[in-house]
Structures are given as structure tokens and as C-alpha cells.
Amino acid sequence: KTLREVCERWFGMRVSKSTLVGDHDADFYLYSEPPPIDALVEAVRTGGLKATTGKKIPLILVCLNAANAIAVSRDSSKRLVEAGAVVEVIPQPCGPRKLARALGLCLKKVHEVTQTSREGREGEIGSVLNSAEGVAPSRRAADASESAQLADSKHSESTPPPWRRERKTANESVPLSSAVAFPSPPPSEPKTPSIENQLRTPSKRPEEASEKGANGTGGGEPDPNAPLRILVVDDNSINLHLLTTFMKRNGYDYSAAENGLLAVQNYRENCVALSDTPSNGAAPRTPIDYVLMDINMPVMNGVEATKRIREIEREFKLKAAGIIALTGLGSTEAKREAEAAGVDVFMPKPVKFGELKKLLVKR
């Protein structure tokens, strides 16, 4: 009843109730609790979740709490997406703002799928990562440019592989301006390095310097032949697929998470596994070299996830991972909040894979 009132009074939507999926030519199917998944998967596969216009009808599954939402995302939502559905999973309590965001994300996902299908490029790696915060009406020129860029990156610098390249010396400069989402404001402290300087030199946090002595590690370099370990975090299944395929193409060792909470759990599990492995006097280690973090996500957003990852690093006394925020956020206040949480670099969407590859270097 509450969801119906929100849809009618806040959004002016016409709401009807049905016990059969595909019974109405709707714009959305909203479930107040997750339904039996097999019937939905079958409806998706047989085309029962398409409007008369041919567009897919998105599913919004409202769960009892965050834990239930995570479980549904891992199992039911994954099966539906694999079958070709557009799905959003949100936990209770579900107010107007949370529901509005879910509706908006569904519309954008439908737009992405429709555009991809129309241009005959579904599954192509070179397509542009669309921002979760806004999608332009047409991205054909940008898509073509990004496709060429990613194709070039596959063949460039093939000998030696990118994760075996020699480390840049301190006086070498790294091209960067287009990789940063916002102009860097003046630092609050005179000695605080700018974002550009952070990109040119390896990240070194104050707590990291003090912890090197505490954990007794040091004297020695990490294995130069080991691939970079990267955690990719994005709630958009298309974006996540493109990013993970980019990881495969470049030989990175990666794992993926669909929201901030899963990312934090993944990071902690890696830290626990690493703490059980003797360091043998090697250099300070981190279970993950880089985290590619989406900012706007359900269950837990990227800023909160970043904050918790930094807490885990301090808890285990490990070298800090580089956290790259993939976002369309444009306000200085939002950027400062993310920086305070521990974000190192901001990369705007659509992501330029060539610029991303330059950032992913040995630390």
C-alpha cells in the first residue's frame, strides 16, 4: 500500500495490481517482496517482459532489508540479468527518494540496452561507459571514439606486457589532465599535494608511513612480474562487464563487486587471507593494488565503501590501495567528501580506457 501511494502521489503514476507477470503493458514491474525467481526468468526468456513498443520492462525488487537485498542481488538478480532482464534491487525502508533513484536507473539501463541493440553492438568492449548520474540522448560519436581507443590499447605496448613495464622515474611526467573529473581546488594545507602530483608520484598516506615500521615489513620490492590486483565496483551490469573485460584484455588479476558493501566484504576477505601469509621480509603489501569505485550505488555508496576500506587498511596495517572514483559527480563539495573518505583520483564517465590504463601502473 505504501509503495502504491508513493508511486501515485509523488510521481503521478497509474498503478495496477496483477498476479501474473506480463499481464499488463506496463513501464515497470514493482514487487513489494522478491517473487519466485523461476517464473520471472522464464518470462524474460520467452519475451514476456517487453512492452508493445519492443522495449524491455524493468523489474524493481523491494527486499526486507539490506542483507536480503545483497542475497537477492547475488542470486536472483544475477539470473535475471543473465536471462536479459533489466533489474534493480532495493532494500526497505523504501521512501520516495530511494524509489525515484531506482526508477531512474531502470530507465537509463533500458536506454543503454536499446541503444546498444539499435546500433548492433551489444557486448562490444569499445562502447562507452554511461554515467549512472546522466545519459546523453545520443552517444554515437563518443561510442565510436571509445571503441577505437580500447582497440588501440589492446595492441599498443604489447612488448613487454603493461604489468611488466619498468616503473617510471620520479622526474618522468605522466599525461593526465583529461583523466581528472574536476579542477583541483587549492589545497587546504600548503604541503598537501594536488591531484596532479598524486598521479605523478606513488601515493603515500601519513598512516601508511607510520605503519611500515609497525608491521615490520620493508626492504625489498614487490614482484615486478606479478599482475596488478584490481577490485572493480559498479552496480551497472553493462559498465561492470565492460570494465572486467578491459581487465582480462590487459592481463590484470581482478575481482568484481556490484555495490559498496560487497566491495568492503571482498577487500576484508583479501586482507584476512594476506595476513595469514608470511611476508618473508618483503616490501609492505596490499591485497589490492587499485580499486575502481563507482560512487552512486545502492546498499552502500562508493564514498562510504572507500571510508571503510581505509579503516580496514589501518586495522591490518597494510599499504593503502589506490582508489580511483569513476563518477559523473560534478560538485566541489561531493569531491571534497570523497577525498576525505580516501579517494585518490577522480575519473569522469564515460571512462577513457587509454587514460585508465595510464593510471594503472605498479605502485
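All of the numbers you see were taken from the coordinates with simple rules; none came from a lab. Please read these numbers as outputs of a predicted model, since none were measured by experiment. All Cβ positions, glycine included, derive from the backbone under ideal geometry; neighbour counts span all protein chains shown.
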Diffing the stretch 247-255: the Karplus 3J(HN,Hα) column from phi (6.51, -1.76, 1.60, θ = phi - 60°), in whole Hz with x for Gly and Pro, holds 4, 4, 4, 9, x, 7, 8, 10, 9
For residue 254, enumerate residues with amide H under 5 Å from its amide H, sequence gap 5+ or separate chain, H modeled in the peptide plane.
230
Phi to ³J(HN,Hα) by Karplus 6.51 cos²θ - 1.76 cosθ + 1.60 over the stretch 300-307, Hz, x for Gly, Pro:
8, 7, x, 5, 5, 5, 4, 4
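Report the FRET efficiency, 1/(1 + (r/R0)^6), for residue 31 and residue 265, where r is their Cβ-Cβ distance and R0 is 30 Å, rounded to 0.05.
Values: r = 25 Å, r/R0 = 0.85.
So the FRET efficiency works out to roughly 0.75.
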Per-residue HN-Hα couplings for the stretch 84-99, Karplus 6.51 cos²θ - 1.76 cosθ + 1.60 at θ = phi - 60°, whole Hz, x for Gly and Pro?
x, 8, 9, 10, 10, 10, 10, x, 6, x, 10, x, x, 5, 5, 5
In this structure, among 317/358; 50/307; 109/319, pairs with alpha-carbon gaps over 32 Å are 50/307; 109/319
FRET efficiency, 1/(1 + (r/R0)^6) with R0 41 Å, evaluated for residue 45 and residue 275 via beta carbons
0.40
Shape of the stretch 2-118 from its Cα gyration tensor (a ≥ b ≥ c, root eigenvalues): rounded if a/c is under 1.5, otherwise prolate when a/b > b/c, or oblate?
rounded
Amide H of residue 327 versus every other amide H placed in the peptide plane: which residues, excluding those fewer than 5 positions away on the same chain, fall under 5 Å?
347, 349
